[in-house]
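See structure below.
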Amino acid sequence: RFCVESSPFVVAKRATRSFASRNMAMPIGKKYNASLQQCMLRIKDPSVSVPFYEKHFGMKLVHKYDFPQFKFSLYFLEKPKDGQKLPETVPSAESEKYLWTMEGCTLELTHNHGTESDTGFTGYWSGNQGRDLPESSPLYLKDGPVRGFGHIAFNVDDVYATSAELEKNGVKFQKRPDEGRMKGLAFALDPDGYWIEIVKREEGLFKEPCNLSQVMMRVKDGPKTVEFYRDIMGLSLVREMVVPNDFTNYFLMNLSEDDQKLAKEEAQTLPKRRWQPALELTHNHGTEKDDNFQIHTGNSDPQGFGHIGFIVDDLEAMCSELEAAAVPFFKKPNEGKMRGLAFVLDPNGYRVELIQRSMTIDPELLKAAA
C-alpha cells in the first residue's frame, strides 16, 4: 500500500538537523507509549508465505484485512509464547482489537492481488542486492539500487541444530552457520527471498524454539538515525557493535522500567535475552560523507520492504508534536482514506507507520468496489 515514492531524502536530511538539536526532556514516542509493532514486507503469494512462517517459525495469523476495491490484502503474523491467548477467529472484531492493542510485534505481509498468478511478475527485492557492493560480490547489481532493508531475525538456542532442521524441511539458505567470515549464525530465505537471520540467544530463558528478535535496516548516517529512534521515537540504545574501518550495528529496543535501570554491560545482552525484537541499524562507515549516497527504501522500483510501525496512545497529539519538532511526514493522520494512522520519514527516508491504539478500519474500505 502507498506505493508512490515521494523523494523524501532531502527533506528528511534537512529535518534531521533541526530535530536533532532539540533538547527534549522526554522523547515524543515515549510520552505516547510508542511500541514497535510491525515490520511490513510485500509478498507474491500468501498461500505460500503465510504457511511458511507458520510451519517453520511457529508464527500465528492474528489478523487479516482484505481491501478488494484497492486490490491488496494484509496478513499479520505474530510469534506467540506457548499458552498465549490469541484471537479465536481471524478476521474478526476480536482479532482487530487484539492487533491494535498487543504488546508484541508482527510481520505484516502485504499481498497486491494478482502477483501470485502473474507470469510476468519477477518478484520482490530483498534489500540485499545493490550497486553499493564490491563488483566481485555475487550480490552486486551494476544498475541496481543502494541496499536498504537487510533482514528479520529469530533467536534460537542452537543455531546449528535449527539450521539443519530448517534445511531438512526444505528451507533454502543464503548462508549456513559455518559459511562466510562470521561463524555461528545463519541466513535462511523465505519464499520471496527475504533474509531471515538465525541468531543464538541465551539458553534456558524460553521453552519456545524461537522468537522474533530483529528487524535490520541499513542507514546512511548511524548517529543521526540513532538520534531519531532514540531521542524522538523513544527506543533505548542497548548495544553498539563496532567493526573498525568497516561498519557499526546499533541495537535499539522498547525497554521496561526495570530494564532501563540495568548497567550498560548487562543491557548489551538484552537483544539475546528478551522476547521482543530489537531494531538493528547497520551503518557502513563513510556513507554519511557521500552527498550522492541514498538508501533505497523499498517503496519504489524495485519494491520489497515497506516500513516498520509503532502503535501509540494518542496519534493526533503525537503527530502534532512530531510536526512541531520538524519531523517530515509521508502521510498525516487526516490525509487519505485510511484514518487512525500516519507515516513519518526517518533520516534515511524509511517510512515509519504510527497507528492509534485500539483503532478500527472503516468497514466501507473493506467492501468490494461498486
Inset, instruction - State which residue pairs qualify: first residue under 17 Å from Pro138 (Cβ atoms) and inside region 169-186, second residue open to solvent by less than 30 Å² (accessible area, probe 1.4 Å) and of a type in the set (A, V, I, L, M) in any location, beta carbons under 6 Å apart, and separation of 6 or more residues or different chains. - result: Phe173/Ala188; Lys175/Ala186; Arg176/Ala186
Inset, instruction - Can you confirm whether region 206-218 contains a residue that is touching a residue at least 12 places away in the same chain (Cβ under 8 Å), of a type in the set (Phe, Trp, Tyr) and crowded, with 21+ Cβ neighbours inside 10 Å? - result: no
Inset, instruction - Restricting attention to strands (runs of 3 or more DSSP E) lying wholly within region 231-286, give those where 2 or more residues are under 30 Å from Pro134 (Cα atoms) and under 17 Å from the mean Cα position of the chain (by Cα). - result: 247-253, 278-284
Inset, instruction - Report yes if Val352 is open to solvent by less than 10 Å² (accessible area, probe 1.4 Å), modelled with pLDDT of 95 or more and touching a strand residue (DSSP E or B) at 6+ places or on another chain (Cβ under 6 Å), otherwise no. - result: yes
Inset, instruction - Being touching a helix residue (DSSP H, G or I) at 6+ places or on another chain (Cβ under 6 Å) and under 21 Å from Gly298 (Cα atoms) is the filter here, so list the residues in region 205-231 that pass it. - result: Val219, Lys220, Asp221, Lys224
Inset, instruction - Inspect all residues belonging to region 223-233 and state whether any of them is closer than 24 Å to Pro80 by Cα, out of contact with any Lys or Arg (no Cβ under 7 Å at 6 or more places or on another chain) and open to solvent by less than 60 Å² (accessible area, probe 1.4 Å). - result: no
Legend entry - Of all residues in region 106-141 being charged (D, E, K, R) and farther than 30 Å from His63 by Cα, the one that is surrounded by the most Cβ atoms within 10 Å (Cβ to Cβ): Asp132
Legend entry - Matching entry among Glu165, Glu103 (being out of contact with any Phe, Trp or Tyr (no Cβ under 9 Å at 6 or more places or on another chain), open to solvent by 50 Å² or more (accessible area, probe 1.4 Å) and closer than 30 Å to Gln356 by Cα): Glu103
Legend entry - Test: Phe293 is touching a residue at least 40 places away in the same chain (Cβ under 8 Å), open to solvent by 10 Å² or more (accessible area, probe 1.4 Å), within 23 Å of Leu133 (Cα to Cα) and hydrophobic (A, V, I, L, M, F, W, C): yes
Inset, instruction - Go through the residues of region 326-335 one by one and say whether even a single one is on the phi > 0 side of the Ramachandran plot and hydrophobic (A, V, I, L, M, F, W, C). - result: yes
Inset, instruction - Answer yes or no as to whether Asp258 is open to solvent by 30 Å² or more (accessible area, probe 1.4 Å) and farther than 25 Å from Lys31 by Cα. - result: no
Inset, instruction - Scan region 142-162 for residues that are within 24 Å of Cys105 (Cβ to Cβ), open to solvent by 30 Å² or more (accessible area, probe 1.4 Å) and either among the hydrophobic types (A, V, I, L, M, F, W, C) or in contact (Cβ under 8 Å) with a residue 60 or more places away in the chain (or both) and jot them down. - result: Arg147
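The values are calculated or read from the model by the stated rules, or taken from the named source; none is laboratory data. Only a predicted model underlies this, so the values are computations on that prediction, with no experimental measurement involved. Neighbour counts are summed over all protein chains in view; Cβ atoms, including those assigned to glycine, are modelled from backbone coordinates with ideal geometry. With ligands, DNA and RNA removed, areas are computed over all heavy atoms of the protein, side chains included. Shrake-Rupley method; radii C 1.70, N 1.55, O 1.52, S 1.80 Å.
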